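The values are calculated or read from the model by the stated rules, or taken from the named source; none is laboratory data. These numbers were taken from a predicted model, which means no experiment stands behind them. All accessible areas refer to the heavy atoms of the entire protein, side chains included, with ligands and DNA or RNA removed. Shrake-Rupley method; radii C 1.70, N 1.55, O 1.52, S 1.80 Å.
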Amino acid sequence: MAPIAVGDVIPDGNLAHFDESDHLQQLSVHAVAAGKKVILFAVPGAFTPTCSMKHVPGFIEKAEELKSKGVDEILCISVNDPFVMKAWAKTYPENKHVKFLADGSGTYTKALGLELDLTEKGLGTRSRRYALLVEDLKVKAANIESGGEFTVSSADDILKAL
């Protein structure tokens, strides 16, 4: 399947997260993104170096600026289970705006055409690193990385698209 691209409508799918009351919930991507300006960004894995030290912190640091430019939701997706994502989110106590969402089986990642085979590294199928700017379910910017790079999917790159 071809990767999601500018002009495409994002697929619907359910992602798992823990709510403020610490209850496991399923979140419909379409329910969150319909009629809104949303950033979906994904990382190959929770707690991995580039993801933890560069990608996620950038979106947390720039969240207020992104919101000031009309962004309603900032969603971080990883092919990890919701318990891992919950633990990872807790390592960012300053975070007020980024939601950490689990795509445990990689179903949503596959629907986007953005899976990354890291079997040789012992990690199985993960997500490519990317950042999508979505307005009312339609992709306005698709910043998709090659391999393990981190050159086009930062918060600053998305700010340029706003």
Where does each of F150, F41 land when they are ordered by accessible area, with a 1.4 Å probe and the largest first? F150, F41
Beyond 16 Å, the calculated P(r) of region 28-114 holds a percent of Cα-Cα pairs equal to 52 percent
Tell me the mean residue ellipticity at 222 nm calculated for the chain from its helices only (DSSP H runs of n ≥ 4, each -39500 (n - 2.57), averaged over every residue, nearest 500). -5500 deg cm²/dmol
Per-residue SASA entry for D12, accessible area with 1.4 Å probe, Å² rounded to 10: 80 Å²
Heavy-atom accessible area with a 1.4 angstrom probe orders D136, D72, D103, D19, most exposed first, as D136, D72, D19, D103
Can you work out ³J(HN,Hα) from phi for every residue in region 58-75, in order, using Karplus 6.51 cos²θ - 1.76 cosθ + 1.60 and θ = phi - 60°, giving whole Hz and x for Gly and Pro? x, 5, 5, 5, 9, 4, 5, 5, 4, 5, 5, 9, x, 6, 8, 9, 10, 10
With every protein chain kept in place and a 1.4 Å probe, the residues E120, E94, E145 fall, from largest accessible area down, as E120, E94, E145
Counting pairs of Cα atoms in region 51-162, how many percent are more than 26 Å apart? 14 percent
Using the alpha-carbon centroid of each, what span in Å lies between region 54-76 and region 80-96? 16 Å
Using the Karplus curve 6.51 cos²θ - 1.76 cosθ + 1.60 with θ = phi - 60°, what ³J(HN,Hα) values do you get for each residue of region 106-112, in whole Hz, with x for Gly and Pro? x, 4, 5, 4, 5, 4, 7
In Å², rounded to a whole number, the accessible area per residue of the chain with probe 1.4 Å is 48 Å²
